[in-house]
Amino acid sequence: MTPVPQNARQRQQRAEELAAATLRALAGDARLEFRGGRLCRDARPLPILAPHLRLDTGVAEFGDCRGLADSVALRLQHSDAAVFAAACPAEGIERLVFDWLEQMRVEALADAALPGQARNLRRRFEHWARDYHRAGLTRGDFGMLMYALAQACWSHLSGYPVLEETEESTEGMRASFSEPLGAAFAGLRRHRADQAAFAPYALAVARHVAGRVPPLQHAAKQDDENADEEDEAKRRFRLLLNFEDGAEQAFSLPESGESRLYVDSEDGYRVFSRAWDVEHDAATLLRRALLQEYREHLDRRVAAAGINLRRLARELRQLLAVPRPDGWLFDEEDGRIDGRRLARLLTSPEERRLFRRDRAQPSAEDCVVSLLVDCSGSMKAQAEAVAVLGDILLRALEMAGIASELLGFTTGTWNGGRPQREWLAAGSPAAPGRLNEVCHLVFKPASRPWRRARPGIAALLKPDLFREGVDGEAVDWACERLLAREARRRILIVISDGCPNDAATRRANDAFYLDHHLREVVARRERQGAVEILGLGVGLDLSPFYRRCLAIDLAAPPDNALFGEILQLIGGRHRR
């Protein structure tokens, strides 16, 4: 698994942030954002089918990202979802073509008062067309059919000429549309401002194209070489039709969804019993000799990582520090008049250094950072790498003068334990909510310096701590601990490798009950604004849960580049 290079990730994050801000302003919808490289509303990916809007923000130019934002904004402004759904074919090529034509229709309605928007839209479509042609997708009949159709419809609706680079090569295929689709093309242009009147003509075009695909497949089978070419063209083109999943990514997304049980419940999230929930100082769960052994092993791993701690601490201080008043600067040429310097005017009438100004020094003392580690069973294999990562971060934060703590969450047992037994004894009532006993762990409290907390940090290496995970309650718990401290800025970094999971709760409720609760907790805490919540996904993109997140690969030991990416995440450069 190869992570995205740091400079490429920076460009991607910056482009996504600016494009998303533009989109929110144009569409008037604050819920829109990029997550994991995909446009989302309320953390759910928008179903973008139009091939020219399938964009890898990691390599695309900023102008293309702006074109994507402008296109989606126009779709949200000018396309009625109910009207579209009533007329749209159910699946296949017909659905793609119908949706594509609707996208081209709304792009043709770009406001003349926004000439930059029109330039962005044209640029995006022409860039897609060039890339499609240069990738060789027009060599087969199927690829040429779809390409020529896109060029012809786009030209009819927008009024722009077809791409000059491919005008001659597509002329024959475009001419084949003139007789069967001439009236439909005219109707598309005439009714582009009326979605309902536009739909029958778009449907006619979609059905005609879908009807031409089977004859192309039959003709391809007459020639094995041509058949291979057609199959390859269709395979590559289907990458553009895959509207259920995003483009191939270095890190996968967790499988998550909405819990109907959670939505329908009047009480929201439920817990069957809290009687067995515990909070432990992790160091007390191990024998002193074993804890010392773990600490020595962790020290060797940290030393082998070769991280420049002083540099990391300096960068953290610069990132999190804010100016604080620290006396005065005298003999200034502007600012407040300094009465003690006025006598100089008698001897030097041209003297200008008669003022004083506030002096400010950067200070990071008003910040606290909490690391919350998912101690579920799947994280056991990553425990050592996470311990190294956490130990280095905690030490650097302390060197920077920033308070920090290391927390963890797991369950008391596997598969429910005592709460589940109580539920069974009560007759197994429906929708019981959480059915396991949660266990929250404190490896290093914020009040304890790193040197004294060193043994407790090493307790993260204890294998039998790792069971199951109830992430939403753990995030709430960690936020409450942060809120108990006086600080200007509070940051919670959740380190996890997947979705919340507790087998007993999943069986008695539904598959996404805990997932839904986690999303609700994070959204609520973000709205409150008192705690910044970041996600570090170990081999997984956590964007379905955390708006600000970073996917990391811990197969290799943490290095300076990884900590650089974490600093960017803390500083506000994040995936949307």
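Okay, here's what the table says:
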item: Amide proton proximity set for V271, modelled H, under 5 Å, gap of 5+; result: R434
item: Pairwise FRET efficiency - L114 versus A87, Cβ, R0 = 35 Å, nearest 0.05; result: 0.80
item: Part-to-part distance (alpha-carbon centres) for the stretch 123-148 and the stretch 398-446, which is given in Å; result: 54 Å
item: ³J(HN,Hα), Karplus 6.51/-1.76/1.60, whole Hz, each residue of the stretch 428-437, x for Gly, Pro; result: 6, x, 5, 6, x, x, 5, 10, 10, 9
item: Karplus-derived 3J(HN,Hα), 6.51/-1.76/1.60, for each residue of the stretch 190-207, Hz, glycine and proline x; result: 5, 10, 5, 8, 10, 4, 5, 6, 6, 4, x, 5, 5, 5, 4, 5, 4, 5
item: Exposure proxy order (Cβ contacts within 10 Å, fewest to most) of S158, S370; result: S158, S370
item: Per-peptide average of other Cβ atoms within 10 Å, ordering 401-407, 564-570 highest first; result: 401-407, 564-570
item: Potential extension, D264-A25 segment - 0.36 nm per residue separation minus Cα distance; result: 82.8 nm
item: Euclidean distance of C-alpha centroids, the stretch 496-564 and the stretch 59-102, integer Å; result: 30 Å
item: Under 5 Å, built H, 5+ apart or other chain: amide partners of T411; result: C439, R467, E468
item: Length released on extending from R311 to E293, taking residue separation times 0.36 nm less the Cα-Cα span; result: 3.6 nm
item: From phi via Karplus (6.51, -1.76, 1.60), per-residue ³J(HN,Hα) for the stretch 501-517 in Hz, x at Gly/Pro; result: 8, 9, 4, 5, 5, 4, 5, 7, 10, 8, 4, 10, 4, 6, 4, 4, 5
item: Long-range amide H partners of A551 with built H, under 5 Å; result: G537
item: Cβ-derived FRET efficiency at R0 51 Å, D194 paired with N415, nearest 0.05; result: 0.30
item: Packing rank of 144-156, 288-300, where each peptide gets the mean count of other beta carbons within 10 Å, highest leading; result: 144-156, 288-300
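Rule-based calculations on the coordinates, nothing more; no lab input. All values derive from a computational prediction rather than experimental measurement. When we count neighbours, we look across all protein chains shown, and the Cβ atoms used for this are built from the backbone with ideal geometry, even at glycine.
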